[in-house]
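These notes are about the structure you will find just below.
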Amino acid sequence: MSGVLVSAELSGSPIGKAYSGPDGRFSVSIQLPSIDLTSVTAIVSSPDYDNVSIPVQFQNGLALQTPTVAMPLRWISACKTGFEHTVIVGYFLPPSVAGAQTELADRVALSMGSALVKRLQQVHLAQDLLPTFWPCPAAKPRIPDLGASIAKALFADAFVGGDVAHSAADASFKVSTYVSDAYGQLRPFVLAVNTNVDLDSPSGATMADETHVAVLAAVAAGIINKNDCATAMKVMAVAEQMAGTAPDYLLRMKDHCIAQLPNRLLLRGNTP
């Protein structure tokens, strides 16, 4: 990155600054007093990125070369939740007609969470396995294929983006969702179309079962990634019950887990 500000500080006081060049390299000229050099720090900063502090190492009075510095996007830090089974709901392209909704990520996140809870009331799934839908409108991939990368960057199980179309006839919305997971199971995403979604009252909205199935599959993929196929099978069983006919990605995950289970030969359909 070029044009990144690098400020040198000594015990919190600025002693020099410079900007990175076209190749991302920088060199800061400073005047050092004759005190302990271990308290010198380089502060790397740029708009839209988190600041990074680097302790500067010295040898024989000269600063050693600073290593390559990773600059995290500021919105990534703001959207990390630390919760298990997190589904990040990112940017949704709004309707182009009058009456377009605002805060679409928040509305879609609430709609998806509320609708899934209502569906799960009809089946059995442990409370600690329920996904958390977290709105992050700043997460705006240029193409749906990049949703998996955003999920990875945010340490989430899944990323959901899409678009919203307004229906003038009944004031409802059609919400198209692209569901990606951080583990490559949905390859690269699952497209689901949810019709007649009431974004004016998102807590009472309904969503298509294929959306719920994709989200639960992403949660199961995260559990598989932690080498817990037994628990993942419970989540996939609920997803399969909602799907009626299980999609290919769910069958692949199920077959993978069956092969990992110690009692797999006792399952129906397997010959010892």
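The values are calculated or read from the model by the stated rules, or taken from the named source; none is laboratory data. Note that the structure is a prediction, hence the values are computed from the model and not measured. All Cβ positions, glycine included, derive from the backbone under ideal geometry; neighbour counts span all protein chains shown. Each accessible area value is taken on the protein alone, full model and side chains, heavy atoms only, with ligands, DNA and RNA left out. Shrake-Rupley method; radii C 1.70, N 1.55, O 1.52, S 1.80 Å.
General observations
- Filter result for LYS152 (over 16 Å from the mean Cα position of the chain (by Cα), of a type outside the set (A, V, I, L, M, F, W, C) and open to solvent by 30 Å² or more (accessible area, probe 1.4 Å)): no
- Tally, over region 60-107, of residues that are part of a loop (DSSP other than H, G, I, E, B) and either of a type in the set (Phe, Trp, Tyr) or more than 25 Å from ASP128 (Cβ to Cβ) (or both): 22
- Pick from region 135-149, criterion crowded, with 16+ Cβ neighbours inside 10 Å and more than 8 Å from the chain's Cα centre (by Cα), ranking: modelled with the lowest pLDDT: PRO141
- The residue list LEU191, LEU216 contains one member that is surrounded by fewer than 23 Cβ atoms within 10 Å (Cβ to Cβ), in contact (Cβ under 8 Å) with a residue 12 or more places away in the chain and under 23 Å from MET242 (Cα atoms), which is LEU191.
- Test: THR132 is of a type in the set (Ser, Thr, Tyr), open to solvent by 50 Å² or more (accessible area, probe 1.4 Å) and on the phi < 0 side of the Ramachandran plot: no
- Checking every residue in region 99-107 against the condition of being out of contact with any Cys (no Cβ under 8 Å at 6 or more places or on another chain), among the small types (Gly, Ala, Ser) and buried (at least 18 other Cβ atoms within 10 Å of the Cβ) gives zero matches.
- Some residue of region 121-132 being of a type in the set (Ser, Thr, Tyr) and within 19 Å of GLY222 (Cβ to Cβ): yes
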